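The values are calculated or read from the model by the stated rules, or taken from the named source; none is laboratory data. Predicted model, so just to flag it, every value in this text is computed and none were measured. Positions of Cβ are backbone-derived with ideal geometry, glycine not excepted, and every protein chain shown enters the neighbour counts.
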Protein chains: 2
Amino acid sequence: MADTENMGRKRRTPRSERGQREVIATPAYIKRVVPFYELLGEEQLVCLEEQADWLIQEVGIAFKDDPVALDIWRKAGADVGADDKVRLPKGMARELCKTIPREFQQVARNPEKSVRIGGNNQVFAAVYGPPFVRDLDKGRRYGSIEDFEKLLKLAHNLPNIHHNGFVICEPCDIPVSTRHLDMLYLHMTTSDKPHLGAIVEKERAEDSVAMARIVHGSDTFDNNCVIMGNLNTNSPLLVDKVVAEAIRTYNGAGQGVLVSPFILQGAMGPVSTAASISQALAEAMICGAFSQLVKPGSPFIMGNFLSSMSLKSGAPTFGMPEPVISNYVIGQLARRLGLPLRCGGSLTASKVSDGQAMAESVDSMHSTMLAGANFILQSAGWLEGGLCTGYEKLLMDADRLGSYQKILGQGLDTSDEAMARDAYGEVEPGGHFLGSGHTMRNYETAFYEAPLSDSESCEQWEENGSTTAEQRANLRMKQMLKDYEAPAIDEGTKEELQAYVAKRKEELPEAWY
Amino acid sequence: MADTENMGRKRRTPRSERGQREVIATPAYIKRVVPFYELLGEEQLVCLEEQADWLIQEVGIAFKDDPVALDIWRKAGADVGADDKVRLPKGMARELCKTIPREFQQVARNPEKSVRIGGNNQVFAAVYGPPFVRDLDKGRRYGSIEDFEKLLKLAHNLPNIHHNGFVICEPCDIPVSTRHLDMLYLHMTTSDKPHLGAIVEKERAEDSVAMARIVHGSDTFDNNCVIMGNLNTNSPLLVDKVVAEAIRTYNGAGQGVLVSPFILQGAMGPVSTAASISQALAEAMICGAFSQLVKPGSPFIMGNFLSSMSLKSGAPTFGMPEPVISNYVIGQLARRLGLPLRCGGSLTASKVSDGQAMAESVDSMHSTMLAGANFILQSAGWLEGGLCTGYEKLLMDADRLGSYQKILGQGLDTSDEAMARDAYGEVEPGGHFLGSGHTMRNYETAFYEAPLSDSESCEQWEENGSTTAEQRANLRMKQMLKDYEAPAIDEGTKEELQAYVAKRKEELPEAWY
């Protein structure tokens, strides 16, 4: 190790001379340069597609409790049964999906942080939805508005998280009826990265759209996607009012939606990965078709969220072979359909940020990455099957995202400089390249440095306190919160947002459910 | 969750009726049914191959301290310089490699546990080499012969570990000069899975070959590969006496070798992933060529072990984007050359089995899996950059291996039964498939169950003691050691082995270095 210790010293010199090591600009999103992993061949893919078409044509998918949606379907020529099941003639869903943009931009408050979704682009978004939070200091508890803000500050400062999602944790200590207003306001002021809007009630979706119009101005709003709603179908084969109304609100305003069937195989879908994938395709495809009836050309992301089940408890499991395969296959199906895809994420059933959490998250995320998912919600911070946001987990996942960003965005450099032929003139057999000209020219940008990985010797690691990755994440998280600086925002815009929130809070009754 | 709880109960019924749930026979190795991930296109692959050819033709690779090896090269028509550098005419290395079997069997003492190496087959082998061991009870200490035996017992009982490797830990409490005899004897009696033999000194390799002949009998030995030696070149571009002699001993006896350049980019190779991959290819290729000069048709596995470096300390890092890419690329290069490949493993720089350990190991291993590595040494148990075998880590890694085994060996079932069309006749929109006929027919074999993953609710997990995966692995490890039963062995063979070991111990001086 003497040689590498020596190299360590050589390395540090240029940094201390120049003060802080130069920060290489991190991209706002990933432009993928490496191929996709194609797991299935043509015959199997066609088999899955035919099943999805059969579900849409023969079995039918119900649209419940939204008469407007059923009217839209009837006018479009769909067969709407007395049981509210919608059946489409052969090819109609695919035909309607053709106006969905294969690729589109979501404009961020800071234009440098705008993301492109679809095609060869990949966007990592934070955890979405957990009612609980956990950290090493205070353990597990219901999320609060203070947690929400802290987590947003962390996501804002983590360079490998491109998009803040929306419900980074559920702020359970403020009223449900007006919660979305506080969450939107915090997203819009704490960070300048892109984010999603509220759903559940039509009014909340409308508030999201209205506040996005304030932030971006009508000109930008009318000509761009600036906000999206994140929706789950009520699998199996049911699209409820929440989904239909949110599609009508977001897509109706020219904004975007992502619709993900959440299928626990054996419960919301058959106990078969293939059948559940086909069902997810059918459900997403009919929602995509519906979005285009509402407004042709409006952005739509096809989602997929498939989990397996523990035989011990019947509970959902994550990072297992079945969802790994499903990630790869749904990637192929989305490309064939020409739709932007959301799938996967850093998913786990573990309660804490231990070896199980990271093993499951990484198998899940490695497949998500190679599968080519375009919008990856839950890419950092997930614990406990989505019931809990982990402060430390957020940072630990973000570390891996940096690695995926490099794999996808850079691939393998085989330029003349990368082939380093000159170095072989300087080094004898059994010698070392530490001091070679090529090494000196390239070492500072050669490797991804994962901030939380400890690669020191055991002796050094013990001297530093024998910490686990989770403990190091805890320390780093606190430092990041200390160092946080709010991104600049126009004061007029801020006041207008405050006025909107205040007005709506007066109009809405305080409700806690 | 009521539905899934209900399912849990339904699930358990058939098991309690029939007593123990049926154990599905685990395969002795993996016959891969899914495609490889092809990261690079033709042009970049050719670029890497040309560089390897240039290194062999122009730069040369030194064979040091083994005059016999240089004689073999001279007779074959190589250019051997005064500096012992061997340079081969264009195409000669590739031509010689053509007699290497693309696929071969390593026969195990128990024929049902024999493995096929090469082609579409993948074999997971245990950790190899660490001088230290670690568990939660006693922490980190030098490995002992007691540890060696315990770890072997665990590897023997873990169904997803197909091959026991050799130095599962270094038994540092017994003399170096005769240590290999005790290790071989324990491999041959504690388990009936295949394993490797000793290297370092020519005599130790010869003892390995001789003892394998006793175990398998001359007939099986002479007509099969029953033992192999695991070798590292002395990168850059140096093949030392240990390697050349072991090739002459193992391949000379018709047995196999694996030769892996170990390249820490920036030290033993240029600080460039592409250049280091090419160098690894050149070093492995010239050793492959040499093995065929020794004995045409003898088994040879091309190895690759590439690591990146921490800018903080100059220490090796694992599971990072550079070695992940290298796994994928070397897989492509090995297939083009038609050689069985060893690469990757469950690698990490972490000192303990925490989130870092599993994140790095899983990114490393997921890429190893998809890359198509045929023989995966270090697939379970690695900690601390290979300096330490983790008892808990062995079990935690083996859990993931079960997942990879299912992905690779089963792919996605799209049979009529898997498409589950009948289930849609039983389930209404928004309903559930828990009790459907299809679910009842298939749930017991639908999912991989990772023994150490806790997927229970947080409340249940707390009731069970709020354990981490590492703690659960510790408990399971102790139970496995309690339950261990030695596989049957012919008493005559056992006595013959004991007599050989006793005789050799008399002949060899006791030495501790």
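Brief remarks follow.
- Any hit, the range B:339-352, residues being among the charged types (D, E, K, R) and either away from every other protein chain (no Cβ under 14 Å) or in contact (Cβ under 8 Å) with a residue 60 or more places away in the chain (or both): yes
- Taken together, the residues in the range A:175-213 that are among the hydrophobic types (A, V, I, L, M, F, W, C) and in a loop (DSSP other than H, G, I, E, B) amount to 4.
- The residues of the range A:396-406 that are of a type in the set (D, E, K, R) and at the interface with another protein chain (Cβ under 8 Å from one of its Cβ atoms), listed by number, are A:D399, A:R400, A:K406.
- Scope the range A:407-443; condition of a type in the set (D, E), more than 7 Å from chain B (Cβ to nearest Cβ) and either under 30 Å from A:V123 (Cβ atoms) or part of a helix (DSSP H, G or I) (or both); matching residues: A:D416, A:E417, A:D422
- Residues that are over 14 Å from B:P261 (Cα atoms) and touching a strand residue (DSSP E or B) at 6+ places or on another chain (Cβ under 6 Å), drawn from the range B:285-299: B:S291, B:P299
- When the range A:147-174 is filtered for residues that are part of a helix (DSSP H, G or I) and closer than 27 Å to A:S114 by Cβ, the ones remaining, listed by number, are A:F148, A:E149, A:K150, A:L151, A:L152, A:K153, A:L154, A:A155, A:H156, A:N157.
- A:V133 vs. criteria surrounded by 24 or more Cβ atoms within 10 Å (Cβ to Cβ), under 18 Å from A:A155 (Cβ atoms) and within 14 Å of chain B (Cβ to nearest Cβ): yes
- In summary, helices (runs of 4 or more DSSP H) completely within the range A:1-80 and bearing 2 or more residues that are modelled with pLDDT of 95 or more, within 14 Å of another protein chain (Cβ to nearest Cβ) and within 30 Å of B:I407 (Cβ to Cβ) occur at A:42-54.
- Scanning the range B:233-282 for residues that are surrounded by 24 or more Cβ atoms within 10 Å (Cβ to Cβ) and on the phi > 0 side of the Ramachandran plot yields B:L237, B:G266.
- Residues of the range B:119-163 satisfying the condition of being polar (S, T, N, Q), under 27 Å from B:I30 (Cβ atoms) and out of contact with any strand residue (DSSP E or B) (no Cβ under 7 Å at 6 or more places or on another chain): B:N157
- For the range A:204-222, filtering for residues that are in contact (Cβ under 8 Å) with a residue 40 or more places away in the chain and of a type outside the set (G, A, S) leaves 8.
- Enumerated strands (runs of 3 or more DSSP E) restricted to the range B:107-146, each holding at least 3 residues that are farther than 20 Å from B:F305 by Cβ: B:132-135, B:139-142
- Residue under evaluation B:Y424, criteria (1) over 35 Å from the mean Cα position of the chain (by Cα); (2) surrounded by fewer than 17 Cβ atoms within 10 Å (Cβ to Cβ), criterion not met: (2)
- Scanning the range A:230-260 for residues that are touching a Leu at 6+ places or on another chain (Cβ under 8 Å) and within 14 Å of chain B (Cβ to nearest Cβ) gives A:L237, A:V242, A:V243.
- Every condition in (1) touching a residue at least 24 places away in the same chain (Cβ under 8 Å); (2) at the interface with chain B (Cβ under 7 Å from one of its Cβ atoms) holds for A:G355 except the one numbered (1).
- Scanning the range A:160-186 for residues that are touching a residue at least 40 places away in the same chain (Cβ under 8 Å) and within 14 Å of the chain's Cα centre (by Cα) turns up A:N160, A:I161, A:H162, A:H163, A:G165, A:F166, A:I168.
- Residues of the range B:331-342 that turn out to be of a type outside the set (S, T, N, Q) and assigned to a helix (DSSP H, G or I), as a count: 6
- Which numbered condition B:K193 misses (of (1) over 18 Å from B:A125 (Cβ atoms); (2) of a type in the set (K, R); (3) modelled with pLDDT of 95 or more): (1)
- Residues of the range B:307-325 satisfying the condition of being buried (at least 24 other Cβ atoms within 10 Å of the Cβ), of a type in the set (G, A, S) and touching a strand residue (DSSP E or B) at 6+ places or on another chain (Cβ under 6 Å): B:S307, B:S308
- Residue in the range A:468-481 that is within 8 Å of chain B (Cβ to nearest Cβ), free of Cβ contacts under 8 Å to residues at least 40 places away in the same chain and hydrophobic (A, V, I, L, M, F, W, C) present: no
- Evaluation of A:H438 against (1) farther than 27 Å from A:N374 by Cβ; (2) touching a residue at least 60 places away in the same chain (Cβ under 8 Å) (one fails), failing number: (2)
- Residues that are under 18 Å from B:E245 (Cβ atoms) and among the polar types (S, T, N, Q) were ranked within the range B:291-327; the one that is nearest to the other protein chains (Cβ to nearest Cβ) is B:S291.
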